[in-house]
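Colleague: One structure coming up, written as structure tokens, with questions to follow.
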Amino acid sequence: MKKIRRREARPRCLRRQRDVLCDVMLSAGQCETWLTLHELGRLTGYGEASVSAQLRHLRKPEFGGYEVDKRQRSLGRAVRSESGPLWEYRLRRRVRAECKRPTVQQRRGRVASVR
């Protein structure tokens, strides 16, 4: 019988588009830089529509629950496009408020009196 050689698995790139975009946006945020979809597309090599979709995903709790801020770029920095205003984005980590668990007495409706 003839021996069959198995190909060794090639290492795959495990970084997802969302992870790459997140890293770029967080790095830009440290420099207090706002980026347009076009600029993000050029930095990451992905299309503007894909970048926009991934920014929406980054808002979801299962993908980090980041705050994605959006503002209109001022006319001094860039000319308004024919299709409308030019938007720029910034990604920030969401600050979570600490939630204190109620004590057993508070859950039962009994609040300890302060003396």
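The values are calculated or read from the model by the stated rules, or taken from the named source; none is laboratory data. Note that the structure is predicted; figures quoted are calculated from it, not measured. Backbone-built Cβ (ideal geometry, glycine too); neighbour counts: all protein chains shown. For accessibility, only protein heavy atoms count, side chains too; no ligands or nucleic acids. Shrake-Rupley method; radii C 1.70, N 1.55, O 1.52, S 1.80 Å.
Colleague: Considering only the range 1-39, state which residues are closer than 13 Å to Leu91 by Cα and modelled with pLDDT under 90.
Modeller: Across the range 1-39, there are no qualifying residues.
Colleague: Yes or no: Arg42 among the basic types (Lys, Arg), out of contact with any strand residue (DSSP E or B) (no Cβ under 9 Å at 6 or more places or on another chain), modelled with pLDDT of 95 or more and open to solvent by 90 Å² or more (accessible area, probe 1.4 Å)?
Modeller: Yes, satisfied.
Colleague: Any residue at all in the range 13-28 that is of a type in the set (D, E, K, R) and touching a residue at least 12 places away in the same chain (Cβ under 8 Å)? Quick ask: steps written out before the conclusion?
Modeller: First pass over the range 13-28, keeping only residues of a type in the set (D, E, K, R): 15-16, 18-19, 23.
Subset that is touching a residue at least 12 places away in the same chain (Cβ under 8 Å): 18.
Yes: one or more hits.
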